[in-house]
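See structure below.
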Amino acid sequence: MANLLKETFGPLLAHWLQTRLDAETTGWIEKTAADVPLMNSAQVERAVALVGRKAGKADLALTGAELGEAQRLRPGWVPRFWTIADVARTSTLLPLADDAVSFGTTFRRLCQAADLATLIGFYRALPLFPISDDLDWQIGEGLRTSIREIFEAIAHDSPVPAETFSEHRWNHMVLKALFIDSSLPPIVGLDKRRNDDLAATLVDYVHERRAARRGVDLHVWRCIAPFARGEVLGEINPLLVSPDPIERSVAALFLAESPDPASRSMLAGLATEHAAIASRALSWSSIPA
């Protein structure tokens, strides 16, 4: 698997560097990456820092076709916020990925010594690295941070959380996103990983927010909808009669997904939105993040 990761993503990352840096810089980064398996721990740490400086801090700014290629190779991976330095550092680390356990130990050590920008880049690259106990531990450390950029480097635009997180960690991640005012839609697999416990917790969250006269992220209703029965249906009433068309759309989507038969009569009052859902003109992806 690790070899497959290197062979699959190595040429892609090399191409991105070659089309954005001069030949001398690209050649130096490629040679450094080739030498990394022969280096000791201190040398690896120094090499990763140097390739990042050589590559520079500019945004990678992938084209639509390049983003499409990334998604084709790794479904769920959306490197839209990567920098060129992120690519250079990841290229340098990939040759170490042959041994998942050893790589995880190296990754954990590098994270402990990294500055903020480098640490964000390491977490962004998780979809390209083999999972191990040490890597998983480091992901947990990242999720506990109060730094939003680090949290989003793990939680957003990556298939790793949906693929590897337990239900407990997944639910904690979604709640943490809400508490640090991070968006829910960039969480890959948000719909697939919805669950009854998360929905119940989010209903409590809604009560707390309303009691404090604070707003509720509209995508919270997306996580509750498939489990909305009985009294929970009534929670959507403020949106059902809202003058805001987006809030009424959320109410319609919520009711359309509810398994409670009572939701059908409530949805009848939103005929326009109901028709839009039926024609697939309205979905959760239509709701702003």
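The values are calculated or read from the model by the stated rules, or taken from the named source; none is laboratory data. From a predicted model like this one, the values you see are computed outputs, not experimental measurements. Cβ sites come from the backbone with ideal geometry, for glycine too, and all protein chains shown count toward neighbours. For accessibility, only protein heavy atoms count, side chains too; no ligands or nucleic acids. Shrake-Rupley method; radii C 1.70, N 1.55, O 1.52, S 1.80 Å.
Relative contact order of the chain: 13 percent, from C-alpha pairs under 8 Å at least 6 residues apart in sequence. Histogrammed with a bin width of 5 Å, the alpha carbon distances of the chain distribute as 1, 5, 11, 14, 15, 13, 10, 8, 7, 6, 5, 2, 1, 0 percent, first bin at zero. Computed from point charges on the beta carbon alone (+1 for Lys and Arg, -1 for Asp and Glu), the dipole magnitude for the chain about its Cα centre is near 340 Debye.
Database remark: amide H of residue 83 closer than 5 angstrom to the amide H of 60 (H placed geometrically; neighbours at sequence offset of 5 or more, or on other chains; Pro and chain starts carry no H). Counting protein heavy atoms only, the chain has 54 percent of its accessible area on carbon and sulfur, 1.4 angstrom probe. Calculate the length of the line joining the C-alpha centroid of region 131-180 to that of region 16-44, in whole Å. Each part's Cα centre sits 29 Å from the other's. Global dimensions of region 117-219 from alpha-carbon coordinates: Rg and Dmax equal 14.0, 44 Å. Both radii are taken from the alpha-carbon atoms of region 134-289; with Rh as the Kirkwood radius, Rg/Rh is 0.99.
Legend: calculated FRET efficiency, residue 58 to residue 148, from the Cβ-Cβ distance at R0 = 30 Å, rounded to 0.05, equals 0.85.
Converting phi to 3J(HN,Hα) with the Karplus coefficients 6.51, -1.76 and 1.60 and the offset θ = phi - 60°, region 216-223 yields 10, 3, 5, 7, 4, 5, 4, 7 Hz in sequence order, with x at every glycine or proline. Taking 28 Å as the straight-line reach from the Cα of residue 6, the lysines in range (excluding those fewer than 8 positions away in the same chain) are 31, 54, 57.
Binning all Cα-Cα separations of region 36-168 at 5 Å, short to long from zero, yields these whole-percent fractions: 2, 10, 21, 25, 22, 14, 6, 1, 0.
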